[in-house]
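For reference, the structure discussed in these notes is given below.
What follows draws every value from the coordinates through simple rules; no lab data is involved. Since the structure is predicted, the reported quantities are computational estimates derived from the model, not experimental observations. A quick note on method: Cβ atoms are made from the backbone with ideal geometry, for glycine too, and the neighbour counts reach across all protein chains shown.
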Amino acid sequence: MSTVELGMPLSGVAGVPTLDAGAPRQTKKDFTSDQEVRWCPGCGDYAVLATMQGFLPELGLKRENIVFVSGIGCSSRFPYYMDTYGMHSIHGRAPAIATGLAVSRPDLSVWVVTGDGDALSIGGNHLIHALRRNVNLKILLFNNRIYGLTKGQYSPTSETGKVTKSTPAGSVDNPFNPVSLALGAEATFVARSLDSDRKHLSSVLRAAAQHRGTALVEIYQNCPIFNDGAFDVLKDRDSAQGRLLHLVDGEPVALGVDGARQVVVRTPDGSLAVVPETDADPAAVVRHDASNPDPSQQFALSRLDGADMAHVPLGIFRNVERPTYDDQVREQVGSAVAKRGGPVQDTDLGALIAGRDTWTVGA
Amino acid sequence: MTTSKQVQRLDRVVIRFAGDSGDGMQLTGDRFTSETAVLGNDLSTLPNFPAEIRAPQGTLPGVSSFQLHFADHDVLTPGDAPDVLVAMNPAALKANLPDLPRGATVILDTDEFNRRNLAKVGYQTSPLEDGTLDSFHVHPLGLTSITVSALVDFDLSRKEKERAKNMFALGLLSWLYNRPTGGTESFLHSKFAKKPEILKANLAAFHAGWNYGETTEDFAHSFEVSPAPMAPGKYRNITGNVALAYGLVAGAHRAGRPLLLGSYPITPASDILHTLAGLKAYGVTTLQAEDEIAGIGAALGASFGGSIGVTTTSGPGVALKSETIGLAVSLELPLIICDVQRGGPSTGLPTKTEQSDLLQAMFGRNGEAPVPIVAPKSPADNFDAAIEAVRIATTYRTPVFLLSDGYLANGSEPWQIPEVTNLPDIRVELATAPNAVDAEGTPIFRPYQRDPETLARPWAVPGTPGLEHRIGGIEKADGTGDISYDPTNHDHMVRTRQAKVDAIAATIPPIEVDDPTGDADVLVLGWGSTYGPISAAVRAVRARGGVVAQAHLRHLNPFPRNLGAVLRGYSRVIVPEMNLGQLSMLLRAKYLVDVQPFTQVRGLPFTTHELVDAIAAATSAIDAVRGTDEAPDEPDHRPADETPVGAAAPEEQATEEVSR
């Protein structure tokens, strides 16, 4: 068991073996398993899978040291299609299972694949606790705002009023905003991307992989069967320009093109608003700062995203350093073992089980 | 310290310390037990406390007690009835009086017998004055006031001084039974190392209690119980939960894999979490998870990574973990579920014992999901049972239930400390290389290719090159592990998982029957913590000339291979259980043998005398059918544990030596 010096900024993949010198470069094919992909035609999951398989070679990690753990739902079939180690577990529990794996194996890069129902409904508890603990896990939350595998019931991210098989009169549930929830749970890395934007998704995955701690990546994902077109307004080039707020560190949070640009400003009452750049007080313009330990502005940005998707921030909301749970657990164990004298020998164990109060009966 | 008063020799004593939940009775009992263990008596303990941390002071629900049975011969139970009751208040007296036999000794704190405290428990008049205690030897002492006056020079509040009264009581009892005091003194030194004034006060109270016995005329003489003959070796006293924790550590050590516990606090299992959390220096990782499900999830994730994943819980927690246990059955990974059973259903009796999770462990999952079950029979036996659970889990790549219970968990007994090198060698081999070739002759890895003998699949952990594979809860094709909805494959896999668990029987010893004369008609079969009371009852029946056979199950799934033949060898089989007959149901279903359950669910272990009666009833029933007049005498309700040495034939005592 290796111990990690705490306090130093470490990469999320530090301690994971990399390819041997001179080994051939990995390609997408190296991460493609022999299993037939069985998502519906047109499912957004295909795009995410292709992006992931295309992205992983750039990490240069040994394939056998990468693990995908999933729960239940359409997206949770993901591990079967990755030629790495993988576990398709049970509904909602992937973060818990991945926590045990990550704590016990610092040499693994552990990814969790989950959906809006899996992560936010049945598995909501495990998600928030993984986030607060800051376990070195990369959690990809495929959000299609519907239950696909059970054929079309509303999910905890479905908009209020949604008519589905289980809500013929419209859903009366108020939905979760996964980014707001993650920030509220004190996550250290929170981002959002789109299934169809390969370049953006790759950049977010790259940052998530580098982050040491829990990274939550919400991926808006289209379900062509039960919620088709849910994110079309963000994918159509024209409508997207007026809606997508790209989060770039140090830059004003803005949307639109030159001439019709709009920016996010802090209003006198402290809330955020989107106004034409020409009307904005330059001092009030919000510049993004994902590394700010104070999450209030990052949270306020997450609240701009309403059911109408009028203004949707995309990118990395938060990316801060905090000691990870697994590093600290291993440090406690490692230093205790070292202090006692290294690997446990039979005599050490014998002394332990004997304890201090013993007596001897003679022959 | 030694006494100058006359010393009277006894062969056995049962003491019960009883007081308010805040009076420190469990600590007092623990310390007296340690002194007794170090002296070399054999012993057995029964802590009994309410679920509330501090029930309203002075009330019946708030009474906490600790019973200790110690003797100069081997002891099997904590004793049916106390010889000595230490009652710290009227509630403690009232709650425990019904258990006291005539002639028992009662030591009371008279300071607490005021009108208010008497009224709280419904005493109209003081039992000290109204004749209630006429048939007992009563020592009325102002325990509180004597303790406070002994501490007059200490810079402590009156309340702090009063709190030391349990140490006064311990000192007095230590004198009364000539216990060595060094252990308690050093215990106090380490417990209060950072509070010197409290330390000195506790020591002073402890010594004052001793001196009180030595100097006052209230106690004419003290007692001595000689060490019990035990097999040569090194001993310690150990509780079930600690033995279980150590057994897991030893099992993982012998298996050559790291141990990871994922757990959520629950009575009466939390002490296992506490113990293991303190063993980081031995490479043990513990996670206190957000809930029961996450606890077992983390354990299973660690197992996937090559650790011995363990979760500890009680019945309500098992209910929550069921789905993950089913996943482990499907994944065919090692996993250990320790269920310290308590009274149910639902929240039930959190601090009381029961054996009512057997069927939950056996069947409490969706689908055909067989899980091996191992049960310890005594507190110290948790150690060996835990190692056996690790052996089965790692050899067969399966979740295993370890079924302890509240009585075993908190009870303690002397334990002959084993040599680590003599523990079973259960080293496991992880998969390192492909185990098959494809059509083109290329080496491939088939994650569900089985060992022909054990039917276990390879344990191939992430980080092993060339063995990348995916597993999950969806049905898999045998061999390849690919998702398969094929009807024939599913039928095959369901039967194979069952066959794998059944195959474990080949590696477990046949059940041994204790039938000294070989002509018993009645067999008493038990499992788990009923071992002590059953053995004591069987001994008592035999001491009176009765003939009865005894056997005890460690493995509840699968059963030992000879069990059916054993059951069929007796006219009548009695199965005492702290449930409504769960083992009996399994035995009847599997062997078509008309076993008779004998059950109670009072949250306490069986008493010896009720089992003696049950055995006597069974033997007379058989005799009645045969028309003989040889029914045993009316039981005298005196179990062998309580029979003075010499009353039973000496050979009987010797042959009934029970190994722990």
Of the listed pairs A:K28/A:K162; A:K29/A:K138; B:K159/B:K234, which have alpha-carbon separations greater than 30 Å here? A:K28/A:K162; B:K159/B:K234
Each label point is 7 Å from the Cα along the Cα-to-Cβ direction; what then is the distance between the points at A:C40 and B:Y485, in nm? 1.5 nm
Which residues in the stretch B:530-573 place their backbone N less than 12 Å from a point set 7 Å from the Cα of B:Q596 along the Cα-to-Cβ direction? B:571-573
Which cross-chain or sequence-distant (5 or more) residues have an amide H under 5 Å from the amide H of A:T32, H modelled 1.01 Å from N in plane? A:D83
Ordered by residue, what ³J(HN,Hα) values in Hz, to whole numbers, does the stretch B:23-35 give under the Karplus form 6.51 cos²θ - 1.76 cosθ + 1.60, where θ = phi - 60° and Gly and Pro are x? 7, x, 5, 5, 5, 4, x, 4, 5, 4, 5, 4, 4
Residue-ordered couplings for the stretch A:59-65, obtained by feeding phi - 60° into the Karplus form 6.51 cos²θ - 1.76 cosθ + 1.60 and rounding to whole Hz (Gly and Pro as x), are 6, x, 8, 5, 4, 6, 9
Read phi for every residue in the stretch B:315-321 and hand back ³J(HN,Hα) as whole Hz from Karplus 6.51 cos²θ - 1.76 cosθ + 1.60, θ = phi - 60°, with x for Gly and Pro. x, x, x, 4, 4, 6, 8
For a quick check: sort B:K352, A:K28 by the number of other beta carbons within 10 angstrom, fewest at the front. A:K28, B:K352
Stretched fully, the stretch from A:D269 through A:D20 gains (0.36 nm per residue minus C-alpha distance, one decimal, in nm) 84.0 nm
Based on a Kirkwood Rh over C-alpha pairs, give the Stokes-Einstein translational diffusion coefficient of the stretch B:129-206 at 10 °C and viscosity 1.306 mPa s in µm²/s. 116 µm²/s
Cross-link partners among aspartates and glutamates for B:K321, C-alpha distance below 12 Å, same-chain residues fewer than 8 apart left out? B:D291, B:E292, B:D339
Where does helix B:487-503 land angle-wise versus the long Cα axis of chain B, in degrees 0 to 90, nearest 10? 40 degrees
Could you work out the helix-only [θ] at 222 nm for chain B, with each DSSP H run of four or more residues adding -39,500 (n - 2.57) and the total divided by the number of residues, to the nearest 500 deg cm²/dmol? -11000 deg cm²/dmol
Counted neighbours (other Cβ, 10 Å), sorted fewest up, put B:H555, B:H274 in the order B:H274, B:H555
Amide proton proximity set for B:I238, modelled H, under 5 Å, gap of 5+: B:E413, B:W415
Degrees separating the helix B:165-176 axis from the principal Cα axis of chain B, which is the longest one: 80 degrees
Two-site FRET efficiency, B:R54 against B:E185, from Cβ-Cβ distance with R₀ of 35 Å, rounded to 0.05: 0.80
CD proxy, 222 nm, chain A: helix-only mean residue ellipticity via -39,500 (n - 2.57) per DSSP H run with n ≥ 4, per residue, nearest 500, stands at -7500 deg cm²/dmol
Under 5 Å between amide H atoms, partner at least 5 residues away or on a different chain: which partners does B:T286 have, H built in plane at 1.01 Å? B:L261
Could you work out, residue by residue across B:444-457, how many beta carbons of other chains sit within 10 Å of that residue's beta carbon, and then give the average as an integer? 0
Mean separation of Cα contacts under 8 Å (at least 6 apart) over the residue count of the stretch B:1-104, i.e. the relative contact order in percent, is 36 percent
Over its alpha-carbon atoms, the stretch A:6-50 yields an Rg and a Dmax in Å of 16.5, 47
Per the 1/(1 + (r/R0)^6) rule, R0 = 35 Å and r from the Cβ atoms of B:D218 and B:K195, FRET efficiency to 0.05 is 0.65
In this structure, the FRET efficiency calculated for A:R287 and A:A310 from their beta-carbon separation, with R0 = 25 Å, to the nearest 0.05, is 0.70
Arranged by the count of other C-beta atoms within 10 angstrom, fewest first, what order do A:W111, A:W359 take? A:W359, A:W111
What does DSSP give for chain B in terms of the percent of beta bridges that are antiparallel, rounded to the nearest 5? 40 percent
Which percent, nearest 5, of DSSP beta bridges in the protein assembly as shown are antiparallel? 40 percent
Using DSSP, restrict attention to beta bridges with both residues in chain A and report what percent are antiparallel, rounded to the nearest 5. 40 percent
